[in-house]
Structures are given as C-alpha cells and as structure tokens.
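Input: a single structure, listed below in structure tokens.
The values are calculated or read from the model by the stated rules, or taken from the named source; none is laboratory data. Values in this document were obtained by computation on a predicted structure and should not be read as measured data. We place every Cβ from the backbone using ideal geometry, glycine too, and count neighbours over all the protein chains shown.
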2 protein chains.
Amino acid sequence: MRIGAIEAGGTKFVCGIGNELGTIEDRVSFPTEHPERTLSSIIAYFEDKQVEAIGIGTFGPIDINPASSTYGFVTTTPKPGWSGFDFLGTMKQAFDLPFGWDTDVNAAAYGEAAWGAAKGLDSCVYYTVGTGIGVGVYAEGKLVHGLVHPEGGHILVRRHKDDTFLGNCPYHGDCLEGMASGPAIEQRWKVKGNELSTAHSAWEMEAYYIAQAITSTILLLSPKKVILGGGVMQQKQLFPLIRAEVQRHLNGYVSSCMIMGAIETYIVPPGLGDNAGLCGALALGLAAVNQAKG
Amino acid sequence: MRIGAIEAGGTKFVCGIGNELGTIEDRVSFPTEHPERTLSSIIAYFEDKQVEAIGIGTFGPIDINPASSTYGFVTTTPKPGWSGFDFLGTMKQAFDLPFGWDTDVNAAAYGEAAWGAAKGLDSCVYYTVGTGIGVGVYAEGKLVHGLVHPEGGHILVRRHKDDTFLGNCPYHGDCLEGMASGPAIEQRWKVKGNELSTAHSAWEMEAYYIAQAITSTILLLSPKKVILGGGVMQQKQLFPLIRAEVQRHLNGYVSSCMIMGAIETYIVPPGLGDNAGLCGALALGLAAVNQAKG
C-alpha cells in the first residue's frame, strides 16, 4: 500500500509516503506560510505519488466533528490566514481519496498505538511538551474526540511552593501550559531550557507540573501507556523525575504493577521518536482507506 | 426481554428486573453484609426470575480486565470479607447466563447514555459525590476501562484560599475526594451538609472543588455531557455555582456553544434520578445479552 501522510505544524508541514507497516518511504517538509501557499506545495507534492489515501494530523484547534458544517476547518488560531480555513475541504478538492483527519496529538497517539510505544495496546495518552502542550487520547481502541477535542495541555495544576512565575497562558495564566511549556521555562529562568544544566532545579519544578497532569490523566482515564514527546522532553533527565513524582502523587492508590513496579516502562518517550507525528498521520490515512473499503 | 440488574453499593445492594426500554419492573434491596450472605440473598432473588442476562454495577475497586486471573473480583477494600472476593465468579456459578460487569459509576454513565441525560450521545462523564467521589467515563460509544479503571474522584485540586481543612483522603489528603466528599464537608463544618443552609459559603467552596475536577475532565476528555449525581448533589444550589465556576476556569478556551452558552444543559443531574445506578446495571446486562447473541 501507498498512503500519504501530512504532519501539519505551526512552523512546518512534513509530508510523506508510507505503507501499512509504518515504514516511511519518502519525506519532504515545507514552511508553514499562508494556507493557500502551503497547501499548493503539498498538493503539488502528492500529485504524482499515486497514494490510496491521505492522513492529516494537524495543529489546531480544528473541527473534527463530521456532522458539523465546518468539519475539516481550522477554527480559531492567531496564525495569519488559518483561522476559519477549510484545510480538509481544500485537500479533498484536489484529491478524490479517503482522508484521515485529526489533531496532531491524536495522530501521534494513534501512530504510537499502531507501531510505537503503545503497540498492541488499546489505550494510551500522548503528551507533547514544547512551544505549547497538547494531549492526544486513545481509549478502548478509539481516538477520543467528544464535544470538541481534548485540550489537556491546559489542565489545572498546583503551583510549586518555590515558583514565583505567574504563568504565561493567555487564557488561564498558571495552567499546565502556562507553567511548563518551553516558553514558560524560558520566561521563568531567563534562558532557554536547553541552556540550563541537567542538574538545574528547573527540571524538578518542570517534572512537578507535568507529573500532576499525568496523575490526573491516570486517575481519569487509566491509560495503558503514557507517552511524552516534544522539544522539552528531549531533556531526558525529566523522565525519572516525572515518574517518581507521579508515584508520589498517586501514593499507592492505583494498584497496578505497571505503576507501582514498572513505571519506567509505563511513562516513556515516543517509540517512533521524531517520526511519531508523521507515522500518526500515516496511521490515520491507513484507517481511512480501511474504512472506505469497509 | 427480562434482564436482571444489580447495583452493588457499600451499604446496600439493589436488585431489579428490567427490559430493553430501561423500565424497571421489580426492585428489592438487601443490606451489604459479609459477601457470602449478601450473595445468597441475591441468588435467591434471581432464582425464579427467568432473566436472560444479569448486569452488575458495583462498588470497588474491582478487576474488570477480562484477561486477568482475578477478573470479576473485588480487589482491595476495607469492607470485611470483600477484599479478594470473586463476586462475578460466584454469580456465574449460580447462573449460566451472560453477565455485564463494571464499576457502579461506569454503569451509571452507561445507563444515562442509554436512557437518561446523555441519551443519544456517544460520550458522557458521570460523577457521584457522596460518601466518596467516583467517576464513570463513557467515550466514543464505549465505557473506558484502561489499565485498571478510572478513579477520577481522587483528581488533584487546588485549595480554596479560605479553606483551612486539610482534607481527609487517606491516600492523598487534599485530593477532590479528600476536600469535597460528604464526610469532608461534615469534618470541615462540624455539621452534616444537609444541616447547612443553602446560602452557606460551604457550597461555594464545594462548587470550587467540583468545578476544578470538571474543568480538567472537559480539557482531557471533552465529554458531550457532564452528569453529577450522589447525595451531596441533592443540594441543587450547587449546580449554578459549579457551572459558573467551570466557565470561569475555562475562560472561553474551549469554544463550544454547549459550554459558552448552554451550560445549564451540559452540566446536569442524572436524567434517571435515583434509578441511574440500577438502570446502568440493566444497560450492562442488556449489552451482555446482545453481545452473546452476536
């Protein structure tokens, strides 16, 4: 099979061709510009690729409700030209193919469940911690959409006792994203995260916030795997700090040997590494073609 | 159709017979005693009822993983005799029938989706606020189980600025249950909740805690309906306080007209009233018989 995949991000679009084994056979990337311009490049790329379907995992917020009149649109974003843009419709006009369409983080969760850290499991949660914080939710073998779609990056957290930073989320101030995104780290410590030493107390504070969100996620959803990706999670020293903090928060309440005794296999980096997003889009495309075939 | 239903609670077991329309045709109740004794009463009740299946929604924690060697067991509970008791297996020995088996709160969510406040929707979250706090999660047309099962009653909350009560959860101190259960209200104010006037500031504080949990639930799961039941929610003045507080927390971030403009139809009491639990068990039994029929 030949499936097209689009990982649509705020700064770049990564497009590729892959197969049902999750192998990426070709890959290109385009800067995120005005939507017409970006999509022209993408359409030109796929024109001679003879794919059976295209999966799109995109930045948002987006409309993923098939019953909605604005299904397939980017909804409200400060990115020039993208607010109210009919992303999926524009692609469908160019290609008469089955399309997969979901958020970038749901796509990543789906890709990880297909071929990555959650392979063979019917649930996982994917957190990306970077410029923003996003959460993809895969539960009981399905991506969770609901009323709009999960926006777990904005979950409420308790302030760290030593933290004087007010938080930089324009909506909530000191929600998770406001306290723990890459820009929040930079504003709090006046240097970029990757310029802080791995032993800096910044990471213990960062782990404190991320662990709270994971604790609430475990309590509400009981996922079979928690996957942490994104630029900030390149700081590998965060993983043991987060795991210890989650165990401390749960305090033995959720009696699962995964959490009590094997947490290093439960809270993990993406199995697909930097391919999580593109493989996720590929998995969405694959699901679309399988659904179209009945 | 004739389906048996068991709502197994910490103080009493309610058993009934119902049909595929959600109508309860008979109902009895037994005190929760030592498990052998309680189950003898239940087995005697169903013996001549000629039901096609039995659904059980029970207090827990319980094992709901069909692949587990202790599937159908109550796991760890301080209730004498129940810890490690094979509840489902005991019932199966008595009746060669399809059985539905889930937590009391998942059952209630399922019943509400079948015949109650979330009828026709493919997702809802059911909170019960009483002696403890429990959460049932129904997403994308399925009850969420995951690694263990949701335990959202213990989600982390921020302390109210005027609250000096330390919280009474033996595991987490000031988690949601530790701050907002019926016993927490009583310990904080030194009187039972139903002896406090409806204008007492206790209710604003209670709403503050419950609203935080709902806010995090909306951000993580985006449910199509939030249903609040249990003894504490008999205090109807809580609903407008909770709705206002959820809107304040979200601050316009989740742009859904349900949340922005029609929240009184989004955060609601159980449509099935006091029957939510028993109807939920009935819905589980119905699903079991339908699954058995293929």
Which condition number does A:Met205 fail, the rest of (1) touching a strand residue (DSSP E or B) at 6+ places or on another chain (Cβ under 9 Å); (2) more than 9 Å from chain B (Cβ to nearest Cβ); (3) under 28 Å from A:Gly252 (Cα atoms); (4) in a helix (DSSP H, G or I) being met?
-> (1)
Report whether or not A:Leu228 is over 23 Å from B:Pro170 (Cα atoms), away from chain B (no Cβ under 14 Å), of a type in the set (A, V, I, L, M, F, W, C) and in contact with a strand residue (DSSP E or B) (Cβ under 7 Å, 6 or more places away or on another chain).
-> yes
Among (1) in contact (Cβ under 8 Å) with a residue 60 or more places away in the chain; (2) closer than 18 Å to B:Gly182 by Cβ; (3) touching a strand residue (DSSP E or B) at 6+ places or on another chain (Cβ under 7 Å), B:Ile242 falls short only on (1)
Taking A:Asp162 as meeting all but one of (1) charged (D, E, K, R); (2) without any contact (Cβ under 8 Å) to a residue 24 or more places away in the chain; (3) surrounded by fewer than 16 Cβ atoms within 10 Å (Cβ to Cβ), write down the number of the exception.
-> (2)
The condition of being of a type in the set (Val, Ile, Thr), buried (at least 24 other Cβ atoms within 10 Å of the Cβ), more than 17 Å from the chain's Cα centre (by Cα) and assigned by TED's automatic domain parsing to the domain that holds B:Phe239 holds, among B:Val135, B:Val157, only for B:Val157
Take the residues in region A:126-178 that are of a type in the set (Asp, Glu) and away from chain B (no Cβ under 11 Å), then tell me which one is farthest from A:Gly10 (Cα to Cα).
-> A:Asp162
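Across region B:87-115, which residue is surrounded by the most Cβ atoms within 10 Å (Cβ to Cβ) among those that are more than 14 Å from chain A (Cβ to nearest Cβ) and touching a Lys or Arg at 6+ places or on another chain (Cβ under 9 Å)?
B:Glu112
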Test each condition in (1) assigned to a loop (DSSP other than H, G, I, E, B); (2) closer than 19 Å to B:Ala283 by Cα for B:Leu147 and report the one that comes out false.
-> (2)
Within region A:214-242, the count of residues that are of a type in the set (A, V, I, L, M) and within 24 Å of A:Val191 (Cβ to Cβ) comes to 6
Looking at B:Ala262, B:Ala207, which is the one that is at negative phi and crowded, with 17+ Cβ neighbours inside 10 Å?
-> B:Ala207
A:Gln50 being more than 14 Å from chain B (Cβ to nearest Cβ) and assigned to a helix (DSSP H, G or I) | no
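So, in region A:1-41, of the ones that are hydroxyl-bearing (Ser, Thr, Tyr) and outside any helix (DSSP H, G or I), which residue ends up modelled with the lowest pLDDT?
Out of the qualifying residues, it is A:Thr11.
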